[in-house]
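Asker: Got a structure for you, questions after.
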Amino acid sequence: MIDINRNHVESTARATVIAFIDALNNEDFDAARELLSDDMTFKGVLGTRDGADVYMQDMRKMKMKYAIKKVFVDGSDVCLFYDITQGEITFFSSGWYQVNDGKIKTFTVLFDPRPILAAQPKK
């Protein structure tokens, strides 16, 4: 039996995350911000951020570009495999996004940080 409510939750979650990534790629940071819960949390290999405004300040500076390779959806959870480009560096990553009421509430990004660390100026 098809669970219509689950299908709706999954399609909404997927659409929210894809719209967020598209907004970041287009450097439409206001549109991206609208898709985040005010109290969202971000966990990544190189740090964490609490709050949508704090996170978006970083995104405005870094101007990353995302090339989505695969999307997985389970209820309100969306997982992406993507290549992320920051400046001259491109690296493969996975992002796990949790959507609540049409907004991204939490997400975790995993990747091998060695390409980024290697590009940092030596002290």
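Asker: Give me the percent of accessible area attributable to carbon and sulfur for the chain, probe 1.4 angstrom.
Answerer: Reported share for carbon and sulfur atoms: 53 percent.
Asker: Give the cross-link partners of Lys105 among the lysines, using a straight C-alpha distance below 29 Å as the criterion and excluding same-chain residues fewer than 8 apart.
Answerer: Those lysines meeting the cut-off are Lys43, Lys61, Lys63, Lys65, Lys69, Lys70.
Asker: Once phi is turned into θ = phi - 60°, what whole-Hz ³J(HN,Hα) does the Karplus curve with 6.51, -1.76 and 1.60 give for every residue of region 100-105, x standing for Gly and Pro?
Answerer: 9, 6, x, 10, 6, 9
Asker: How tilted is helix 52-62 with respect to the longest principal axis of the chain? Cα atoms for both, answer in degrees (0 to 90, nearest 10).
Answerer: That helix lies at roughly 50 degrees to the long axis.
Asker: Tell me what the chain gives for mean residue ellipticity at 222 nm when only DSSP H runs of n ≥ 4 count, each as -39,500 (n - 2.57), the sum divided by the residue total, rounded to 500 deg cm²/dmol.
Answerer: Roughly -11000 deg cm²/dmol at 222 nm, from the helical runs in the chain.
Asker: So, one more: Any idea which of Trp96, Val54, Ala19 is furthest toward the positive side of the dipole for region 1-107, if Lys and Arg beta-carbons carry +1 and Asp and Glu beta-carbons -1?
Answerer: So the residue we want is Trp96.
Asker: Using only the alpha-carbon atoms, how far is helix 4-25 inclined from the longest principal axis of the chain? Give it as 0 to 90 degrees, nearest 10.
Answerer: Tilt of helix 4-25: around 30 degrees.
Asker: Calculate one ³J(HN,Hα) per residue across region 30-46 by plugging θ = phi - 60° into the Karplus curve 6.51 cos²θ - 1.76 cosθ + 1.60, and present them in order as whole Hz with x for glycine and proline.
Answerer: Values, residue by residue: 5, 5, 4, 4, 4, 8, 10, 5, 3, 9, 4, 10, 10, 10, x, 4, 9 Hz.
Asker: Given +1 on the Cβ of Lys and Arg, -1 on the Cβ of Asp and Glu, and no further charges, what dipole in debye does the chain carry about its Cα centre, rounded to the nearest 20?
Answerer: 580 debye
Asker: Let me ask another. With an 8 Å Cα cut-off and a minimum separation of 6 or more residues, compute the relative contact order for the chain in percent.
Answerer: Worked out over the chain, it gives 25 percent.
Asker: Using alpha carbons only, how many angstrom separate the centre of region 11-51 from the centre of region 93-111?
Answerer: 8 Å
Asker: Determine the per residue accessible area of region 16-123 with all protein chains present and a 1.4 angstrom probe, expressed in square angstrom.
Answerer: Heavy-atom accessible area per residue stands at 57 Å².
Asker: Assign one of three labels to region 17-82, namely rounded, prolate or oblate, based on the Cα gyration tensor with a ≥ b ≥ c the square roots of its eigenvalues; rounded applies when a/c is under 1.5, prolate when it is not and a/b is larger than b/c, and oblate otherwise.
Answerer: Here region 17-82 falls in the rounded category.
The values are calculated or read from the model by the stated rules, or taken from the named source; none is laboratory data. Just so it is clear, the structure is predicted and the values come from calculations on it, not from any experiment. With ideal geometry, Cβ positions are generated from the backbone for all residues, glycine too; neighbour counts draw on all protein chains shown. SASA here: full protein model, heavy atoms, side chains in, ligands and nucleic acids out. Shrake-Rupley method; radii C 1.70, N 1.55, O 1.52, S 1.80 Å.
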